[in-house]
1. Averaged per residue, what accessible area in Å² does segment 1-138 show with a 1.4 Å probe, protein chains only?
2. If you project the alpha carbons of segment 31-87 onto the principal axes, what extent comes out on each, in Å, largest first?
3. Please state the relative contact order of the chain as a whole percent: Cα pairs under 8 Å, 6+ residues apart?
4. Tell me the Kirkwood radius of the chain: reciprocal of the mean inverse pair distance over distinct alpha-carbon atoms, in Å.
5. Got a sec to turn the phi values of segment 125-134 into Karplus ³J(HN,Hα) couplings, 6.51 cos²θ - 1.76 cosθ + 1.60 with θ = phi - 60°, whole Hz, x for Gly and Pro?
6. Given a 1.4 Å probe and heavy atoms of the protein chains only, how would you sort CYS22, CYS132, largest accessible area at the top?
7. Ordering TRP25, TRP73 by how much accessible area each has at a 1.4 Å probe, largest first, what is the list?
8. Rounded to the nearest 10 Å², what accessible area does PHE96 show when all protein chains are kept and the probe is 1.4 Å?
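The values are calculated or read from the model by the stated rules, or taken from the named source; none is laboratory data. Keep in mind it's a predicted model, so treat the numbers as computed, not measured. FYI the Cβ positions are ideal-geometry reconstructions off the backbone, even for glycines, and counts take in every protein chain you see. Quick note on the areas: whole protein, heavy atoms, side chains included, nothing else; ligands and nucleic acids left out. Shrake-Rupley method; radii C 1.70, N 1.55, O 1.52, S 1.80 Å.
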Amino acid sequence: MNWIEKAFLSAMTAGILLPLCCFNWKRDSVSPIDNRRLSELDFDSGDVSSMLDSFFKDRIGFRTLCIDAYTQWNDILFGEMAHPTYEYGRDGYVFFKVKAEQEDREFIDAFCAHLRNVQEYCENRNIPFIVCILGLKPSPSRRNL
């Protein structure tokens, strides 16, 4: 074996063993990227193979570093954000990636009619009527945390 083959074999071995040596064994770890708890070992869950698969995928060494590097290189090379939680908006602003939801027209009409009734009730009694409606904001409590 010449030195190039030895160097290649050493690099490949290090590339496989180093992430396994830096494995995250801490209980109740939270992923800074996914904003969720990492999978735990639970052999009572039933499906052991899928539990082990998600456990290793979540806790392999350098996971956050690799995802960040992948995101940065996609941004530099292609101008595209390949991130599981964020996306680019107008003028380069970064926003949460939110799934499109179907509009429930019947609920919206009923809600607007209710607001109108409350407004009229308040105006008839000279009570100031102020409404603040916030859009969807994903929070840790709504994301398996």
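1. Numbers: 11460 Å² over 138 residues.
For segment 1-138, the solvent-accessible area averages 83 Å² per residue.
2. Principal extents (largest minus smallest coordinate, Cα): 44, 19, 16 Å.
3. Details: 93 pairs, mean separation 27.3, N = 145.
It rounds to 19 percent for the chain.
4. Values: mean 1/r = 0.0483 Å⁻¹.
Result for the chain, one decimal place: 20.7 Å.
5. Taking θ as phi minus 60°, the curve returns 10, 6, 9, x, 10, 10, 10, 10, 10, 9 Hz for segment 125-134.
6. Details: CYS22 60, CYS132 110 Å².
I get CYS132, CYS22, largest accessible area first.
7. Details: TRP25 170, TRP73 145 Å².
Correct descending sequence by accessible area is TRP25, TRP73.
8. Approximately 80 Å² of PHE96 is accessible to the 1.4 Å probe.
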